[in-house]
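Report on the structure given below.
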Amino acid sequence: MRYHSVASLKTADAFRARLAELGIELPLQDPLPPPDELPLAQPIEINGRTIGNRFAILPMEGWDGTRDGRPSELTLRRWRHFGSSGAKLIWGGEAAAVRHDGRANPNQLLINEQTMGDIQSLRQALVDSHCQAGGNTEDLLIGLQLTHSGRYSKPNAHDRPEPRTVYRHPILDQRMQPAIGEHSQLSDAELDELVAAFVQAAVLADRAGFEFVDIKHCHGYLGHELLSGYQRAGKYGGSFENRTRFLRDIISGIRHASPTLMVGVRVSVFDFAPFERGESGIGQPVPTKQHPFGGTADGLGIDLSETIRLLELLRELNVRLVCTTAGCPYYNAHIQRPALFPPSDGYLPPEDPLVGAARQIEVTAQLKRRFPDLVFVGSGYSYLQEWLPAVGSGAVRSCMTDFVGLGRMTLAYPQLPADVLAGRPLQRKRICRTFSQCTTGPRLGLISGCFPLDPFYKQRPEREQIRRQKGSPD
């Protein structure tokens with residue numbers, strides 16, 4: 001199955017024509033106005049703090065920390081790029097595990113008393129880089145994403161899953177054999193302990209200087225899986241009240257322990273059934289009776305009724321910061337991360353990735369219209385490539401989102417926000433083309449980075465290993 005690459009759509013008319021052919025709409029603002037009139041350049045107020053523009057850097061991990069959870073030189077390099085990007089909202093930086101058993105890989109950041117000083121230095125490196133690039137730190141807001149990887153935990157070895165699940169899932173459990181079993185499921189008492197671990201991690205993040213923490217509820221990790229624990233027994237499963245107890249208790253604990261620390265939530269606002277590679281290599285859904293959060297019962301559509309209930313709950317808890325995303329990179333990657341090329345363990349996209357990007361942007365717009373008082377960070381923009389600034393500007397202008405979040409694009413072209421905000425032309429050779437090598441690397445137990453476009457990573461030995469893998473063009 002072949003799709004038009006975004007790079008081939010050279011004019012706004014060609015881009016609009018392709019959108020019309022696909023039957024989708026995107027809020028294209030072309031040409032862009034001068035920098036001082038650009039919607040992306042406008043400040044916004046959050047809880048008494050002014051954030052200087054509408055670009056946000058999404059959490060981007062490099063699988064390159066130390067074995068004891070501290071940042072390495074590669075981690076520092078990435079965070080310095082976040083600082084020099086020109087974006088004024090740093091959403092989480094990257095996921096930091098609140099406990100060793102919840103690390104997604106043996107090189108993930110871990111926040112505890114021993115590592116807190118190093119993570120504080122990581123934040124300071126970002127701030128220093130922002131200053132060196134001419135940025136004002138008074139309108140810069142930096143958070144830290146807190147996580148437990150749950151089902152996808154690999155704390156001790158890249159090739160040894162040690163899953164901690166919320167409930168039995170007939171498809172996902174089968175994919176993890178023989179690592180998974182009855183012993184893998186977290187008890188209510190263990191979840192109680194994890195609530196305390198998240199709260200303690202937030203206290204440390206506060207001490208390290210972060211202005212907010214993100215309680216991660218996305219991409220199939222523990223918080224997200226809890227939201228779909230319809231069949232789980234006990235106080236953390238079944239009813240909506242029980243399935244959100246974990247989040248509520250963490251927020252309550254943070255408010256008691258660190259009352260001035262802001263809280264945000266990055267959440268997969270919709271989800272689909274797991275997909276698998278079909279005979280032609282194209283992804284196809286696997287029938288399941290497990291109801292995904294934010295999805296229809298058959299796992300093939302969107303139902304935002306419970307997502308709306310969750311946002312109503314966050315508003316009641318005075319949580320204003322919401323970062324929207326979707327699905328899971330492990331079982332339906334094209335929903336979460338639209339890309340023309342899959343990672344080595346993935347499948348070919350079953351739809352034009354523009355459809356996936358438009359889906360995330362439209363759902364975020366629906367939620368923003370429903371909750372105008374919440375501050376939304378949208379995801380899914382990297383696939384738009386050359387048209388990212390025009391669509392992002394149009395989305396902010398049309399009140400479809402408050403911030404344009406950048407993930408993969410930040411690895412390939414960290415200074416894109418600065419160039420857009422200054423009115424400079426985009427550097428086409430640095431634009432992310434969604435080759436997915438930044439994902440293939442970790443799938444092979446290697447570090448992550450933009451191996452096709454970043455000269456630094458091009459020279460690393462991991463590049464050749466990744467290039468040999470199917471589905472990773474250069």
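The values are calculated or read from the model by the stated rules, or taken from the named source; none is laboratory data. Since we're looking at a predicted model, the values are computed, not measured. Because the Cβ atoms are built from the backbone with ideal geometry, glycine has one as well, and the counts that use them run over all protein chains shown. Protein only, heavy atoms only, side chains kept; ligands, DNA and RNA dropped before computing areas. Shrake-Rupley method; radii C 1.70, N 1.55, O 1.52, S 1.80 Å.
Quick check on region 260-272. Is at least one of its residues open to solvent by 10 Å² or more (accessible area, probe 1.4 Å), in contact (Cβ under 8 Å) with a residue 40 or more places away in the chain, in contact with a helix residue (DSSP H, G or I) (Cβ under 7 Å, 6 or more places away or on another chain) and not acidic (Asp, Glu)? Talk me through it step by step, then tell me what you get.
Kept after step one, since they are open to solvent by 10 Å² or more (accessible area, probe 1.4 Å), are these residues of region 260-272: 260, 262, 266, 272.
Restricting the remaining residues to those that are in contact (Cβ under 8 Å) with a residue 40 or more places away in the chain gives 260, 262, 266, 272.
Adding the requirement that they be in contact with a helix residue (DSSP H, G or I) (Cβ under 7 Å, 6 or more places away or on another chain) leaves 272.
From what's left, not acidic (Asp, Glu): 272.
Yes: region 260-272 contains one or more residues that are open to solvent by 10 Å² or more (accessible area, probe 1.4 Å), in contact (Cβ under 8 Å) with a residue 40 or more places away in the chain, in contact with a helix residue (DSSP H, G or I) (Cβ under 7 Å, 6 or more places away or on another chain) and not acidic (Asp, Glu).
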For this session: All but one of (1) surrounded by 24 or more Cβ atoms within 10 Å (Cβ to Cβ); (2) under 17 Å from the mean Cα position of the chain (by Cα); (3) modelled with pLDDT of 95 or more; (4) of a type outside the set (Ser, Thr, Tyr) hold for GLY92, so report the exception by its number.
Result: (3)
Problem set entry | Matching option when the condition is within 29 Å of ARG54 (Cα to Cα), of a type in the set (Gly, Ala, Ser) and in contact with a Gly (Cβ under 6 Å, 6 or more places away or on another chain), among ALA326, ALA273, ALA333, ALA339 | ALA333
Exercise. Filter region 420-450 for residues that are without any contact (Cβ under 8 Å) to a residue 60 or more places away in the chain and over 19 Å from SER5 (Cβ atoms); which is surrounded by the most Cβ atoms within 10 Å (Cβ to Cβ)?
Worked result: ARG424
Seminar exercise, completed: Restricting attention to region 380-419, the residues that are farther than 15 Å from ILE57 by Cα and not in a helix (DSSP H, G or I) number exactly 3
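When you look at GLU190, is it of a type in the set (Asp, Glu), farther than 16 Å from TYR331 by Cβ, over 21 Å from the mean Cα position of the chain (by Cα) and outside any loop (DSSP other than H, G, I, E, B), yes or no? Working first, answer last.
Numbers: of a type in the set (Asp, Glu): yes; farther than 16 Å from TYR331 by Cβ: yes; over 21 Å from the mean Cα position of the chain (by Cα): yes; outside any loop (DSSP other than H, G, I, E, B): yes.
When the stated conditions are applied, GLU190 passes them.
From the list GLY150, GLY209, pick out the single residue that is on the phi > 0 side of the Ramachandran plot, within 23 Å of the chain's Cα centre (by Cα) and surrounded by fewer than 16 Cβ atoms within 10 Å (Cβ to Cβ).
Checking each option against the conditions leaves just GLY209.
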Exercise. Is there any pair with a first residue in region 150-177 that is under 13 Å from GLY102 (Cα atoms) and modelled with pLDDT of 95 or more and a second that is open to solvent by 50 Å² or more (accessible area, probe 1.4 Å) and part of a helix (DSSP H, G or I) whose Cβ atoms are under 7 Å apart and which are 6 or more apart or on different chains, and what are they?
Worked result: PRO155/HIS100
For this session: Residue by residue through region 174-187, note down the ones that are open to solvent by less than 10 Å² (accessible area, probe 1.4 Å) and part of a helix (DSSP H, G or I).
Result: SER184
For this session: Mind listing just one residue for me: the one in region 312-359 that is buried (at least 18 other Cβ atoms within 10 Å of the Cβ) and of a type in the set (Ser, Thr, Tyr) and, of those, farthest from the chain's Cα centre (by Cα)?
Result: TYR347
Exercise. In region 32-51, how many are out of contact with any helix residue (DSSP H, G or I) (no Cβ under 8 Å at 6 or more places or on another chain), under 17 Å from SER393 (Cβ atoms) and open to solvent by 70 Å² or more (accessible area, probe 1.4 Å)?
Worked result: 2
